[in-house]
Amino acid sequence: MFNKRKFYINGLWDDPSTPHDFDVINPSTEEACAVISLGSTKDADKAINAAKE
């Protein structure tokens, strides 16, 4: 299973501001195949501000 719980922002892997994990389900087996983090508004703002630099 893949674990993708960090965001790549401004050249660095960064933890989300508020952990909110989400299981990605394989539709053919109905089993979890990955865990990802869902970003918040704060995470999006951080990425947008980094992109503007």
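Every number in this text was worked out from the coordinates using simple rules, so none of it is lab data. Owing to the predicted nature of the structure, the values given are computational and were not obtained by experimental measurement. Cβ coordinates were reconstructed from backbone atoms using ideal geometry, including for glycine residues, and neighbour counts include every protein chain displayed.
For segment 1-50, the set of residues classified as in contact (Cβ under 8 Å) with a residue 40 or more places away in the chain and of a type in the set (Phe, Trp, Tyr) consists of PHE7 only. Filtering segment 36-52 down to residues that are assigned to a helix (DSSP H, G or I) and within 11 Å of the chain's Cα centre (by Cα), which residue is surrounded by the most Cβ atoms within 10 Å (Cβ to Cβ)? Of everything passing the filter in segment 36-52, ASP43 is surrounded by the most Cβ atoms within 10 Å (Cβ to Cβ). Note on segment 12-21: among residues that are in a loop (DSSP other than H, G, I, E, B) and of a type outside the set (D, E, K, R), the one that is surrounded by the most Cβ atoms within 10 Å (Cβ to Cβ) is PRO16.
Every residue, every condition in (1) loosely packed, with under 12 Cβ neighbours inside 10 Å; (2) of a type in the set (Lys, Arg), yes or no:
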| position | (1), (2) |
| --- | --- |
| MET1 | yes, no |
| ARG5 | no, yes |
| ASP23 | yes, no |
| GLU31 | yes, no |
| ALA34 | no, no |
